[in-house]
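Notes follow the structure.
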Amino acid sequence: MKLLTVIGARPQFIKAGTVSREIKKHRTIKEIIVHTGQHYDLNMSDVFFEQMKIPTPDYNLGVSGASHGAMTGRMIQEIEEVLLKEKPDKVLVYGDTNSTLAGALAAVKIHIPVAHVEAGLRSFNMDMPEEINRILTDRVSTWLFCPTDVAISNLEKEGFPHMSTSGILQQVTKSGDVMQDGAIFYSNFARKPEDVSIPQDFILATVHRAENTDNPVNLGNIVEAMNNIAQSGKKIILPLHPRTKKMLKSIETNFIDDVIVIDPVGYLEMVYLLKHCSMVMTDSGGLQKEAFFFKKPCITLRDETEWVELVDNGFNLLTGANKELIIDLYHKADSLFSDNYSIDLYGNGIASEKIVNELAAVK
């Protein structure tokens, strides 16, 4: 069987790397990896792939830096050319990026069935491009690999399984989350960020989502909340996204010195920070889960999350960009968060095995 994997952002490489290691155990599967180029990243050199134990992509399409429509359209065109050349039996996509949707649409248009890892996730916020990408990719996929019971329930409420574009009933599977597989694997390779003085006790924070960075009021509230917390004696390490840095200059506000702003770091450095921090504050989807994987409480700077099971079980508190709420929940954290990290929410590290075994079993 020939399996073609489409990815375009660094988190997807980490997820795909986990699955690719499992694929190598199956001599009957040949994997072709296509990088759309959606997130151009200087860190994604040959050294990145070597350090992360990730196969180097067979194709790099170099599609980036355009509007959503232009980017997705170009990706569909270029992915289709690769599909016609390689003639894979199945296409595998991850998550909710434009690359995810483009890979799925290019495949089903020429009658190649699609497998979607991280199916069934919903934020119920249609203003998010990622939400649209998730919904459309789920609808055209044949194999839907859901990380959680909530994801399964979301699909059931939407009438899944449907008849797929390949002419068979969609197969919905609770696979667990490949990100937990990756966290377990990469924990042994964590690297201390260079030229950064790491406090003994600190919060790890990130701010990059457009709903916060593109809204001066939201961004200002988050800055003020973090400054307030840092002034109370808790250092914060903040790998600062370039978009956030740019917006901070435009609104003429900034973090105090006790918020240690550093350049973005690689995944292995991020794992190091996760292992050594005492709490996470973020508007990232993936980092919410990684906080749980590394047994750290998380305050999420969003009004909703796709990972509702983290909220329901007391590992994640939602604050949005509400300054007073961020500060209040931080000070009440000891009494609000659960410490029962033994609970199985994401499959305990065998999601990749389940996914590959199912794909290998289907001719």
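Quick notes
- Residue in the range 297-308 that is more than 20 Å from residue 10 (Cβ to Cβ), at pLDDT below 95, surrounded by fewer than 18 Cβ atoms within 10 Å (Cβ to Cβ) and touching a strand residue (DSSP E or B) at 6+ places or on another chain (Cβ under 9 Å) present: yes
- The residues listed here are 134, 122; of these, the one that is touching an Asp or Glu at 6+ places or on another chain (Cβ under 7 Å) and either among the acidic types (Asp, Glu) or modelled with pLDDT of 95 or more (or both) is 134.
- Look at the range 245-271: where a residue is without any contact (Cβ under 8 Å) to a residue 40 or more places away in the chain and a partner is of a type in the set (S, T, N, Q), sitting 6+ places away or on another chain with Cβ atoms under 6 Å, you get 247/213; 248/254; 256/227.
- Count of the range 144-154 residues, restricted to those that are over 12 Å from residue 113 (Cα atoms), buried (at least 22 other Cβ atoms within 10 Å of the Cβ) and aliphatic (A, V, I, L, M), is 1.
- Filtered residue count, the range 268-294, keeping only those that are within 19 Å of residue 219 (Cβ to Cβ) and of a type outside the set (Val, Ile, Thr): 5
- Among the conditions (1) among the small types (Gly, Ala, Ser); (2) at pLDDT 95 or above; (3) out of contact with any Phe, Trp or Tyr (no Cβ under 9 Å at 6 or more places or on another chain), the only one that residue 70 does not satisfy is (2).
- Number of residues in the range 54-96 that are closer than 19 Å to residue 142 by Cβ and within 20 Å of the chain's Cα centre (by Cα) equals 6.
- Residue satisfying condition, being crowded, with 20+ Cβ neighbours inside 10 Å, touching a residue at least 12 places away in the same chain (Cβ under 8 Å) and not hydrophobic (A, V, I, L, M, F, W, C), within set 197, 141, 187: 141
- Residue in the range 213-235 that is closer than 30 Å to residue 51 by Cα and either without any contact (Cβ under 8 Å) to a residue 60 or more places away in the chain or part of a strand (DSSP E or B) (or both) present: yes
- Among the residues of the range 104-126, those that are more than 13 Å from the chain's Cα centre (by Cα), crowded, with 24+ Cβ neighbours inside 10 Å and more than 15 Å from residue 2 (Cβ to Cβ) comprise 104, 106, 116, 120.
- Selection status of residue 238, part of a strand (DSSP E or B) and buried (at least 19 other Cβ atoms within 10 Å of the Cβ): yes
The values are calculated or read from the model by the stated rules, or taken from the named source; none is laboratory data. All values derive from a computational prediction rather than experimental measurement. Please note: Cβ atoms are built from the backbone with ideal geometry, for glycine as well, and neighbour counts cover all protein chains shown.
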